[in-house]
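Since every read-out is calculated from the coordinates, none of them should be taken as a lab result. This is a predicted model, so every value here is computed, not measured. For neighbour counting, all protein chains shown are included, and Cβ atoms are generated from backbone atoms with ideal geometry for every residue, glycine included.
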Amino acid sequence: MQESDRDWGAFTSVLGQPEFSALNIDCVAVGRSLTRNHSVQVQEILFVRGELHEDSATLSSHCASLVAVWGAMREPSMLDLGDCTCVGRRVLFGEPKLGRRFAIHALPLCTESAIFTVLSSTSRWTDGAAQKLVGKLANEASQSYRQLQLPRREASQASQSFDWYVFTQREVDILKLLARGMSNKQIARELGSSPNTVRNQVHSVFRKAGVANRTELALRASLLPAG
């Protein structure tokens, strides 16, 4: 997997700082994940440096497991996964069994989507430096990712923007509540309406917005300019 650090700015600058080198980190990955019903799916690996795994599917699988751990902790975390079986270590260094440690942190992009950062090393981390660094990198990754979306928003403003004129005022209210992750029952309570009425209005919102479910709606709404 090739490194893709174009325009990552402040994020890549951290990778050259002494605090990064001191931890002897041999792999950094940033990606987007989707978390739904206690399951995690890695949507995209956005940045990789020092790839050690056989292929992108292996990396995605590892990252999904780590994001699941983060989902339970919701804070920068370190894990010791024991013996390393990464092909890079086996082939390049002839070291079939090394203790490998990971640090993981993520920040939500919307209700069910997050951007995560993973650090990996065979060095022993004991003083919390890895958790502090991965937290800092996750913040930088989130900011860099959002900045990278700006040209895309400007280039496709017409297609990404909702045609607000096709929605009734009540549908606009429902759309905003859906984007906040509310269920039909919660929306019904919020608006003083019946769940059946809200269900029908939600289907209308999906149809007019051109989406199939809440996740697509939230992701699309997250791409809209603030305001």
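Annotations for the structure displayed:
- Counting charges near Glu75 (Lys, Arg +1; Asp, Glu -1) among other residues having Cβ under 15 Å from its Cβ returns a value of +3.
- In Hz, Karplus ³J(HN,Hα) per residue of the range 59-71 (6.51, -1.76, 1.60; θ = phi - 60°; x = Gly, Pro): 4, 4, 5, 4, 5, 4, 5, 5, 5, 4, 5, 4, x
- With each label modelled as a point 7 angstrom along the Cα→C-beta vector, the Glu190-Val166 pair spans 2.2 nm.
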